[in-house]
1. Can you name the residue in region 232-258 that is in a helix (DSSP H, G or I) and at pLDDT 85 or above and is also surrounded by the fewest Cβ atoms within 10 Å (Cβ to Cβ) among such residues?
2. Could you check residue 140 against (1) closer than 16 Å to residue 65 by Cβ; (2) surrounded by fewer than 22 Cβ atoms within 10 Å (Cβ to Cβ) and say which number it fails?
3. Confirm whether residue 113 is under 15 Å from residue 323 (Cβ atoms), touching a Pro at 6+ places or on another chain (Cβ under 8 Å) and of a type outside the set (Asp, Glu).
4. Return the pairs, sorted by first residue and then second, in which the second residue is small (Gly, Ala, Ser) and part of a helix (DSSP H, G or I), the first residue lies in region 30-42 and is under 18 Å from residue 68 (Cα atoms), the beta carbons are less than 7 Å apart, and the residues are 6+ apart or on different chains.
5. Any chance you could count how many residues in region 130-157 are closer than 17 Å to residue 199 by Cβ and of a type outside the set (S, T, N, Q)?
6. Quick check on this structure: which one of 159, 185, 170 is buried (at least 19 other Cβ atoms within 10 Å of the Cβ), among the small types (Gly, Ala, Ser) and closer than 21 Å to residue 51 by Cβ?
7. Just to confirm my filter: which helices (runs of 4 or more DSSP H) fall fully inside region 102-194 and include at least 1 residues that are farther than 23 Å from residue 218 by Cα?
8. How many residues, within region 313-363, are assigned to a loop (DSSP other than H, G, I, E, B) and touching a residue at least 60 places away in the same chain (Cβ under 8 Å)?
Amino acid sequence: MAAPSSANRMVTVLSIDGGGIRGIIPGTILAFLETLLQDLDGPDARIADYFDVVAGTSTGGLISAILAAPNSENRPKFPATIINNFYYEYGPQIFPPEERPTGIEDFPLDRPVYNGVALKNAANELLQDITMSSTVTNVVIPAFDIKLLQPVIFSTNDAKSDVSSNARLADVCVGTSAVPIYLPAHYFETQHANGNTRTFDVIDGGVAAANPTVVAIDSISKEMWERKTVDPEPLDYKTLLVLSLGCGEAQFEEKYSAEIVNRWGWLSWLTYGGNIPLLQTLSAASFDMVDFHTAARFKTFHSEKNYLRIQETELTGDAAAMDLATKENLDNLVAIANNLLDKPVSRVNLETRRFEKVGGGFSNRQALVELAKKLSDNRKLRLAS
C-alpha cells in the first residue's frame with residue numbers, strides 16, 4: 001500500500017463491521033462485487049486485488065482474513081463465495097442452535113454461552129499457520145486486550161516491521177471474534193526479535209472499533225508518516241475510495257427510557273427482554289460514531305461520493321440476532337442482503353444522525369457497479385506505475 005502516485009490514483013479501503021452470524025450479509029455483497037470485477041478483468045480477479053487496505057472487526061475480521069489469505073503463489077487463496085460457505089458450514093457449530101439462550105435463565109453465570117472450540121477449529125482449518133505479514137494486501141483487524149485494558153490493532157504493515165506483531169491469522173480472527181458473554185477470550189503468544197515472549201489476552205474487536213473504517217484510514221496516515229523523512233501533508237480524503245459494509249442492525253425504535261433503566265441493576269443491563277442492553281448500547285454507539293465521523297470527514301473534503309456505506313437498518317426478529325445459525329435464518333439473511341442491493345444508496349444525515357436515502361434514486365447495486373469500474377481503473381493505474 002502507498003499514497004497515490006498521481007492525481008488519478010486513489011487509496012482504496014474495504015471496511016467490514018462486526019455482527020456475528022450476520023456476517024453473511026457483507027459476504028453476499030462481496031461475492032456480488034467480485035463477480036462484477038471478474039466481468040471487467042477476468043475470472044482470476046479477487047477482492048483483495050483491488051483494495052490497499054482490508055479492515056474488519058469481529059466477524060468482519062474473519063472475512064478480511066479469508067479475502068487476503070495467500071496461496072502458494074501469493075495470490076488470494078479463496079474466492080469471495082467461500083465466505084457464505086463458511087457461515088453455512090461452521091456457523092451451526094460455532095453457535096449451536098440448541099445452546100442458544102432464549103431467556104435470562106438460559107445465560108450461564110460462570111462461563112460464556114458458547115465454548116469457542118468450533119470457532120478455533122474452523123479458523124485453524126481455514127487459515128492454518130498463515131501469519132499477518134503474509135497477507136496479499138494490508139489487513140487491519142482491531143481487538144481488545146483485556147489484560148492491558150487497551151485496544152490492539154493487528155495489521156500486515158506492523159507485522160512486517162515488528163516480528164512480535166506477526167501473529168497467526170487464525171489467532172487474530174478468534175480473538176477479534178470473542179464477544180463477551182457469548183465466546184471466551186483468546187490467549188496466544190508471539191515472539192519478540194530477542195526471543196522473549198509477547199502475550200495477548202484478547203476479546204472482541206467491537207469493544208474498541210465495531211466499525212473499523214476509521215482504524216483503516218488511520219493506518220494509511222500512519223504509513224504515510226513512516227515512509228517520509230519530512231512531515232507529509234495531512235491525508236486528503238479526496239484521494240480515498242472507501243467501501244464500508246455493515247452486518248445489519250435492528251429496525252430503529254425507542255428501545256429504553258430513563259424511567260426503565262433507572263429500575264435496572266447489573267443483571268438487567270446484561271439481559272433484558274431477550275437482549276443484552278449493555279452490549280447493544282456500546283456497539284450502537286461505536287457503529288454510529290464511526291459512521292458519523294467518516295461521513296463528516298468526506299463531506300468536509302467535498303468527496304462524499306468516495307465513501308459508500310452499505311448497511312441494512314431494518315432487521316427484525318430472528319434476523320437481528322448475532323448467534324442464530326439455523327439454515328432458515330441464514331437463508332433469510334442472504335435474502336435480506338440481496339434485497340439490500342436493490343435499496344437506495346443511503347448516508348448518515350449529519351444533523352439527525354439517522355441513516356437516510358441519498359437523492360437520485362441510485363441503488364446499492366448500481367453504486368457497486370460504478371465502484372467496480374473505479375476499482376478496476378485504479379488497479380490498472382497501480383500496476384502501470
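The values are calculated or read from the model by the stated rules, or taken from the named source; none is laboratory data. Every value quoted in this text rests on a predicted model; they were computed, and no experiment measured them. FYI the Cβ positions are ideal-geometry reconstructions off the backbone, even for glycines, and counts take in every protein chain you see.
1. Within region 232-258, the subset in a helix (DSSP H, G or I) is 237-239, 258.
Still in the running and at pLDDT 85 or above: 238-239, 258.
On the way: 238: 14, 239: 18, 258: 6.
Looking at residues that are in a helix (DSSP H, G or I) and at pLDDT 85 or above, I get 258.
2. (2)
3. Details: under 15 Å from residue 323 (Cβ atoms): yes; touching a Pro at 6+ places or on another chain (Cβ under 8 Å): yes; of a type outside the set (Asp, Glu): yes.
Spelling it out, residue 113 is indeed under 15 Å from residue 323 (Cβ atoms), touching a Pro at 6+ places or on another chain (Cβ under 8 Å) and of a type outside the set (Asp, Glu).
4. 33/372; 37/372; 37/376
5. Summing the residues that are closer than 17 Å to residue 199 by Cβ and of a type outside the set (S, T, N, Q) in region 130-157 gives 12.
6. 159
7. Because the criterion is at least 1 residues that are farther than 23 Å from residue 218 by Cα, the helices (runs of 4 or more DSSP H) in region 102-194 that meet it are 117-127, 169-176.
8. Narrowing region 313-363 to residues assigned to a loop (DSSP other than H, G, I, E, B): 313-314, 316, 321-326, 342-343, 345, 349-354, 358-362.
If we keep only those that are touching a residue at least 60 places away in the same chain (Cβ under 8 Å) as well, we get 313-314, 316, 321-326, 353-354.
So the count comes out to 11.
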